[in-house]
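Encoded as structure tokens, the structure appears first; notes follow it.
The values are calculated or read from the model by the stated rules, or taken from the named source; none is laboratory data. Please read all numbers here as calculations on a predicted model, not as lab measurements. Because the Cβ atoms are built from the backbone with ideal geometry, glycine has one as well, and the counts that use them run over all protein chains shown.
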Amino acid sequence: MAGAAVLGRLTWLVTEVASTTEETPRVRTLLLDAEGWSNHRAGQHLDVRLTSEDGYQAQRSYSIASAPGELLAITVERLEDGEVSSYLVDEAREGDEFEVRGPIGGYFVWDGADPSPLLLIGGGSGVVPLMAMIRHRAASGSSTPVRLLYSSRTLEDVIYREELDRLQTQPGFEVFHTLTRSQPEGWTGYSRRIDAEILREVAWPAAETPQVFVCGSTRFVDTAADGLVALGYEPESIRTERFGATGS
Ligand SMILES: Cc1cc2nc3c(=O)[nH]c(=O)nc-3n(C[C@H](O)[C@H](O)[C@H](O)COP(=O)(O)OP(=O)(O)OC[C@H]3O[C@@H](n4cnc5c(N)ncnc54)[C@H](O)[C@@H]3O)c2cc1C
């Protein structure tokens, strides 16, 4: 299975929930123990398949949150009335089983070989595949300069907050938060949806040819990508992944 890229060749594997961690009131990380799982690349995703007792099946994609070589982790945001996310966030317990297949994707990945700066732009749970890249950089001792521009509704909604704060002490890694709905007293980050001015302040000049990964809702991704193109970025240099219709 190693390196399998063709979806048709991937088989469903039974995975057991090894542990769960509450990241925010609406977001949970699940560590998964999937026997037979092949190693993934930072940025890839997997498919989850849930089967109910009467045989009804539901299938969704989730980005892999862990660095390559680390225990498989997904981080899921509960959506109102969400069929699969409500189960994964509210109900799945240690020892529960469901099926996964993957790793999937060869476009939205960062292996760390290219030393050019890495610009990561995430909205809400769109930070998940970007976190796999950030963790990969930290674990591999890479000195690639990284800037993460991360949009959340409130401070309480910031996923991986403590880890990001900790990693910010590493040379070459910078995080820029924007909180779109409310901000705590004394907040010094941005306080609005990502716009041209924020992008101009955070992004490297296009001439430095950064690698760019943008992930989030469709609207979020389009705004960020259009803004970067307006700053002179080549559209081909911007890799995007869209999670759904709405979002931060
Ligand atoms: C490549 C890829 C990677 C993804 N990675 C992640 C991840 O790491 N973490 C994560 O939490 N989600 C991720 N998603 C989204 C995930 O696949 C599901 O769409 C999401 O969990 C909702 O599924 P659900 O069954 O709970 O909701 P559904 O029952 O399918 O939908 C419930 C309601 O929410 C709306 N909706 C569906 N999806 C979204 C969405 N993404 N945003 C806003 N509204 C939506 C629907 O229109 C509907 O009104 C990813 C999607 C893709 C395509």
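Go through the stretch 135-167 and report how many residues are assigned to a loop (DSSP other than H, G, I, E, B) and polar (S, T, N, Q).
Step one: list which residues in the stretch 135-167 are assigned to a loop (DSSP other than H, G, I, E, B), which gives 141-145, 153-154, 158-160.
Filter once more, keeping what is polar (S, T, N, Q): 142-144, 154.
Selection size over the stretch 135-167: 4.
Say whether the condition of being under 26 Å from residue 21 (Cα atoms), over 20 Å from the mean Cα position of the chain (by Cα) and modelled with pLDDT of 95 or more is met by at least one residue in the stretch 147-164. Step through it out loud before you land on a result.
To start, the set of residues in the stretch 147-164 that are under 26 Å from residue 21 (Cα atoms) comprises 147-164.
Imposing the further condition that a residue be over 20 Å from the mean Cα position of the chain (by Cα) reduces the set to none.
No - not one qualifying residue is present in the stretch 147-164.
Quick check on residue 96: is it in contact with a Gly (Cβ under 8 Å, 6 or more places away or on another chain), at pLDDT 95 or above and surrounded by fewer than 21 Cβ atoms within 10 Å (Cβ to Cβ)? Steps first, answer last, please.
Values: in contact with a Gly (Cβ under 8 Å, 6 or more places away or on another chain): no; at pLDDT 95 or above: yes; surrounded by fewer than 21 Cβ atoms within 10 Å (Cβ to Cβ): yes.
Here the answer is no, as residue 96 does not meet what is asked.
Failed condition for residue 88, given (1) within 12 Å of the ligand (Cβ to nearest atom); (2) buried (at least 24 other Cβ atoms within 10 Å of the Cβ); (3) closer than 19 Å to residue 220 by Cα, with all others met?
(3)
Would the stretch 62-71 turn up any residue that is more than 12 Å from the ligand (Cβ to nearest atom), of a type in the set (D, E, K, R) and exposed (fewer than 13 other Cβ atoms within 10 Å of the Cβ)? Walk me through how you get there before you give the answer.
Of the stretch 62-71, the ones more than 12 Å from the ligand (Cβ to nearest atom) are 67-71.
When the remaining residues are screened for being of a type in the set (D, E, K, R), the result is 70.
Filter again for exposed (fewer than 13 other Cβ atoms within 10 Å of the Cβ), leaving none.
No, the stretch 62-71 contains no residue that is more than 12 Å from the ligand (Cβ to nearest atom), of a type in the set (D, E, K, R) and exposed (fewer than 13 other Cβ atoms within 10 Å of the Cβ).
Only one of 231, 199 is surrounded by fewer than 18 Cβ atoms within 10 Å (Cβ to Cβ), more than 16 Å from the ligand (Cβ to nearest atom) and modelled with pLDDT of 95 or more. Can you tell me which? Steps first, answer last, please.
Details: 199 fails: surrounded by fewer than 18 Cβ atoms within 10 Å (Cβ to Cβ).
Unique residue meeting the criteria: 231.
Cβ contacts < 6 Å: first residue within 17 Å of residue 126 (Cα to Cα) and in contact (Cβ under 8 Å) with a residue 40 or more places away in the chain, restricted to the stretch 219-241; second residue among the aliphatic types (A, V, I, L, M) and part of a helix (DSSP H, G or I), any location; separation 6+ or different chain. Result?
Short answer, once both residue conditions are applied: 240/221; 240/225.
Do the conditions hold for residue 116, that is, is it surrounded by fewer than 20 Cβ atoms within 10 Å (Cβ to Cβ), closer than 17 Å to residue 203 by Cβ, in contact (Cβ under 8 Å) with a residue 12 or more places away in the chain and hydroxyl-bearing (Ser, Thr, Tyr)?
yes
Which strands (runs of 3 or more DSSP E) sit wholly inside the stretch 16-108 and have at least 1 residues that are basic (Lys, Arg) and closer than 17 Å to residue 126 by Cα? Spell out how you get there, then give the answer.
Values: elements: 27-34, 45-51, 57-63, 72-77, 97-104.
Of the strands (runs of 3 or more DSSP E) lying wholly inside the stretch 16-108, those with at least 1 residues that are basic (Lys, Arg) and closer than 17 Å to residue 126 by Cα span 27-34, 57-63.
So residue 55 fits all but one of (1) over 21 Å from the mean Cα position of the chain (by Cα); (2) on the phi < 0 side of the Ramachandran plot; what number is the exception?
Single failed check for residue 55: (2).
In this structure, does residue 159 turn out to be touching a His at 6+ places or on another chain (Cβ under 6 Å), within 14 Å of the ligand (Cβ to nearest atom) and not aromatic (Phe, Trp, Tyr)?
Values: touching a His at 6+ places or on another chain (Cβ under 6 Å): no; within 14 Å of the ligand (Cβ to nearest atom): yes; not aromatic (Phe, Trp, Tyr): yes.
No.
Mind telling me which of the residues 89, 100, 84, 128 ends up being closer than 30 Å to residue 14 by Cβ, aliphatic (A, V, I, L, M) and touching a Cys at 6+ places or on another chain (Cβ under 8 Å)?
On the way: 89 fails: touching a Cys at 6+ places or on another chain (Cβ under 8 Å); 100 fails: touching a Cys at 6+ places or on another chain (Cβ under 8 Å); 84 fails: touching a Cys at 6+ places or on another chain (Cβ under 8 Å).
The unique qualifying residue is 128.
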